[in-house]
Amino acid sequence: MKAKGGTKEYKTGGWSAHYILIICSLLYMVNYMDRQVLASVLQMMKVDLGLSETQLGILNTAFLLSIAFFSVPVSFMVDRWSRRKAVGFMALFWSIFTYLTGMGRSFATVLIPRALVGVGESGFSAGGTALITAAYDPAKRGRTLSVFNLVIPLGAALGMIVGGKIATVTGDWSRPFFIFAIPGIILGILALFMKDYKTVHELDKAGKRTGFFKSAASLFKIPSLKWMYIGYGVRNIMNFSVLMWLSAYLMRAHDIAADKAGGIVGAIMMMAIIGALLGGFLADSWQKKNRKARMLLPVIGDSLAAIVLIIALFLEFKGAGFYIGLLWGALVMLGTPALNAVSQDVVTPGLKGTSWGMAVFCMYVFGGGWAPLLVGVISDAFITSFGFTDIVSLQSALYIMACSGFVASIILFVGSRSYPADMDKVKGAKLQSEK
């Protein structure tokens with residue numbers, strides 16, 4: 001079918017769509033392996049390099065804030081240039097600096113390349129989300145994005161389990177970084193062969209191309225999107241606190257090695273695969289009956305996740321506490337595919353990547369990016385001010401972070417009220433083929 005100007009309309013489905021989903025999903029998995037490998041060796045790195053709790057928190061927060069501050073401009077570039085090229089080159093960039101992180105032998109020489117890994121990863125999810133949602137029918141967005149998102153816990157689990165195992169066997173915290181850099185380079189090259197849609201330029205009322213700042217600001221004029229962005233950031237205070245610190249807590253509380261702690265955290269993260277798949281299916285099914293469903297499902301999931309995490313921490317993730325921790329792993333991902341779909345449901349084609357890039361920015365700046373540092377600072381404060389042991393201080397800090405799930409639920413509920421009307425404003429927008 002020919003679109004206006006003789007350009008073919010971008011066709012959804014088929015093997016080209018599956019290739020996009022496979023490559024982007026595998027890259028997302030590697031992305032989270034490279035993120036989570038640091039958490040698997042955090043305790044070993046602390047001992048080897050003589051780092052404080054706050055310095056460990058800074059390493060994680062610098063990485064996350066690098067993603068945050070580059071996510072929107074890089075995602076805008078993705079929308080205005082090429083999704084497939086951007087995804088491929090970003091994968092090569094972050095993989096190189098993952099390797100260089102392992103070469104660090106001081107706080108500064110680990111911090112700088114780790115922050116640059118964040119720069120490389122900053123626009124990937126925006127490019128991947130835009131490509132995947134364009135390649136499949138809009139009614140299936142929740143399900144296709146559930147596949148894209150289920151690899152997040154899989155990658156996190158592999159980063160914890162494999163990274164911890166490699167570090168334990170070799171006795172070297174840096175070795176996993178060297179090994180994990182390889183698959184990102186291979187997949188980055190394969191990403192250059194994905195099908196892409198023709199770049200769409202946003203125009204203002206005068207017919208001129210809309211610049212970066214105006215495009216970014218326009219997203220916050222969409223009511224449901226504004227509340228989704230804020231809620232997305234707040235919900236990740238809980239999520240990133242656990243991702244970055246649970247392994248270290250388990251090693252201290254139960255006096256176990258990195259590989260065993262990584263195995264426990266990895267099992268919890270693997271449960272998030274069930275949460276992602278179930279969340280995508282429930283979001284699409286419920287959306288047919290209730291047009292607010294993709295905003296309401298995370299409200300339920302995040303509230304339950306906060307309650308479950310507090311119980312698991314109280315039980316120190318031992319015995320029944322471990323199984324409750326597994327439940328938390330499923331609940332914490334329940335609403336993620338739905339929120340990813342929301343970021344695409346209420347914007348025009350020229351802002352698909354930028355919209356998700358803004359979600360990534362807000363995910364870190366409105367909470368998630370500061371969470372690892374806050375945990376470290378709070379833990380240090382409990383030790384120095386109240387004489388807590390490093391086990392109790394870290395556990396107490398994680399209790400506080402868990403409460404963010406309740407706050408996020410309230411924010412997302414407010415955003416659900418305007419979601420149907422915002423979808424109606426962009427109904428019927430079409431994409432054109434790149435070639």
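Worth pointing out:
- All conditions in (1) of a type outside the set (D, E, K, R); (2) more than 29 Å from Tyr249 (Cα to Cα); (3) surrounded by fewer than 24 Cβ atoms within 10 Å (Cβ to Cβ) hold for Val87, with the sole exception of (3).
- Condition check for Gly104: in contact with a helix residue (DSSP H, G or I) (Cβ under 7 Å, 6 or more places away or on another chain), at pLDDT below 90 and either of a type in the set (D, E, K, R) or not in a helix (DSSP H, G or I) (or both): yes
- Scan the stretch 175-184 for residues that are within 19 Å of Gly120 (Cβ to Cβ) and more than 20 Å from the chain's Cα centre (by Cα) and the total you get is 4.
- Condition check for Val37: among the aliphatic types (A, V, I, L, M) and modelled with pLDDT under 90: yes
- Being of a type in the set (Val, Ile, Thr), without any contact (Cβ under 8 Å) to a residue 40 or more places away in the chain and farther than 30 Å from Met77 by Cβ is a condition met by no residue of the stretch 326-348.
- Checking Ile186 against (1) of a type in the set (A, V, I, L, M, F, W, C); (2) in contact (Cβ under 8 Å) with a residue 12 or more places away in the chain; (3) over 26 Å from Gly263 (Cα atoms), the condition it does not meet: (2)
- For the stretch 107-134, a residue qualifies if it is of a type in the set (A, V, I, L, M) and either part of a loop (DSSP other than H, G, I, E, B) or at pLDDT 85 or above (or both), and the qualifying residues are Ala108, Val110, Leu111, Ile112, Ala115, Leu116, Val117, Val119, Leu131, Ile132.
- In the set Val414, Val407, Val342, Val377, only one residue is part of a helix (DSSP H, G or I) and surrounded by 24 or more Cβ atoms within 10 Å (Cβ to Cβ); that residue is Val342.
The values are calculated or read from the model by the stated rules, or taken from the named source; none is laboratory data. Quick caveat: nothing in here was measured; it's all calculated off a predicted structure. With ideal geometry, Cβ positions are generated from the backbone for all residues, glycine too; neighbour counts draw on all protein chains shown.
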